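To start, the structure under review is shown below, and the notes come after it.
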There are 2 protein chains.
Amino acid sequence: MTVLGNPLGIQLLAEIWECNEDKLNDMKCLEEMMTRAANKAGAEIRKVVFHRFEPQGISGVVVISESHLTIHTWPELAYAAVDIFTCGEVVDPWDALESIIQDLNAEDAHVIEISRGMKNLRRSKKKITNTIGQADTK
Amino acid sequence: MTVLGNPLGIQLLAEIWECNEDKLNDMKCLEEMMTRAANKAGAEIRKVVFHRFEPQGISGVVVISESHLTIHTWPELAYAAVDIFTCGEVVDPWDALESIIQDLNAEDAHVIEISRGMKNLRRSKKKITNTIGQADTK
């Protein structure tokens, strides 16, 4: 029996280290990578926005019908901060994340998974933070 | 003495409930609200992308030089999921979040704060998840 009910969405926050540094500074490559990840997860892409910073680093967002994917890169640290937020039960954010980690040739990644919008928990008057604070490491 | 060093960024994940439902379905209002929040925090806006879903609900992203702000709304639940991710020491994400909570006329909000990119922790070979799992409730 599920007491708390289902969340509206699941969000992955990924700390991705030891990536291919050239890819982290290649905007076209990252844009293709993030849209490919969204497609692999079965998401419906609505908007794609990327921005390159000087002297290095790229920020990118893919807005999907099911919420969003974001990436911010620090090529000088071989590091990327990636978020994947999906709603509904069809799209699995882990599929998108695995695609990104593979495409970045990353040798190290640590992830937390957070439930968003636990409405049943809200109705029970318990603090939502009890739920969104749960962190699963993969 | 700071053993772990400073993170590259701070991310707030806000569960905002009991919002003004009309505002949650008003794309122009939300776009103005999110850009105002970014400006109040002193962020530099790079890209603004919003999308309206049928029959209701809006997703929006403000890409800033310091990372991003996102919002996804469920007007039927009077709920918004808001993320604010800022890098550097100038922009305070709490300033942006307080502006959003006020603008949504929200009566309830719960937030976790997560450190992103703890490079010193990485170098010490400790698991980054030990750090990004820390959740401060405000």
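Extension gain, B:N39-B:D92: 0.36 nm per intervening residue step, less the Cα-Cα distance, totals 18.0 nm.
Placing a label point 7 Å from Cα along the Cα-to-Cβ axis, A:N20 is separated from the same position in the other copies by 4.9 nm, shortest listed first. The same position B:D108 in the other copies lies at 4.1 nm from this copy, comparing label points 7 Å beyond Cα toward the beta-carbon, shortest first.
Here is how far apart the A:E76 label points are across copies: 4.8 nm, shortest first, using a point 7 Å from Cα toward Cβ.
So how far, in whole Å, is the C-alpha centre of the range A:62-90 from the one of the range B:1-61? Computed from Cα coordinates, the inter-centre distance equals 15 Å. Which one, B:A78, B:L13, B:G42, is farthest towards the positive end of the dipole of the range B:13-116 when Lys and Arg carry +1 and Asp and Glu -1 on their Cβ? Result: B:G42, furthest along the dipole toward the positive end. Taken residue by residue and averaged, Cβ atoms of other chains lying within 10 Å of the Cβ of B:23-33 number 0. Other protein chain C-beta atoms within 10 Å of residue C-beta, averaged over B:50-59: 2. Amide H contacts of B:A109: B:W17, each under 5 Å away and 5 or more positions distant or on a separate chain (H built 1.01 Å from N in the peptide plane; Pro and chain starts excluded). Amide H contacts of B:M118 (H built 1.01 Å from N, in plane; Pro and chain starts excluded): B:L8 sit under 5 Å, all sequence-distant by 5 or more or on other chains. Going down the list A:K40/B:K47; A:K23/A:K47; A:K47/B:K28; A:K28/B:K28; A:K28/B:K23, which pairs span over 24 Å between their C-alpha atoms? As for pairs spanning more than 24 Å Cα to Cα, those are A:K40/B:K47; A:K28/B:K28; A:K28/B:K23. Each Lys and Arg adds +1 at its Cβ and each Asp and Glu adds -1 at its Cβ; summed about the Cα centre, the range B:31-108 shows a dipole of about 320 debye. Computed 3J(HN,Hα) for the range B:103-111, one whole-Hz value per residue from the Karplus formula 6.51 cos²θ - 1.76 cosθ + 1.60 where θ = phi - 60°, is 5, 7, 6, 6, 9, 8, 8, 10, 9, glycine and proline marked x. Scaling against 2.2 N^0.38 Å puts the C-alpha radius of gyration of the range A:13-116 at 0.98. Amide hydrogen proximity for B:G88: with H placed 1.01 Å from N in the peptide plane, no residue at 5 or more positions away or on another chain lies under 5 Å. Converting phi to 3J(HN,Hα) with the Karplus coefficients 6.51, -1.76 and 1.60 and the offset θ = phi - 60°, the range A:82-88 yields 10, 10, 9, 10, 10, 10, x Hz in sequence order, with x at every glycine or proline.
Computed from the coordinates by the stated procedures, all read-outs in this text should not be read as laboratory data. From a predicted model like this one, the values you see are computed outputs, not experimental measurements. As a convention, Cβ positions derive from the backbone with ideal geometry for all residues, glycine included, and neighbour counts pool all protein chains shown.
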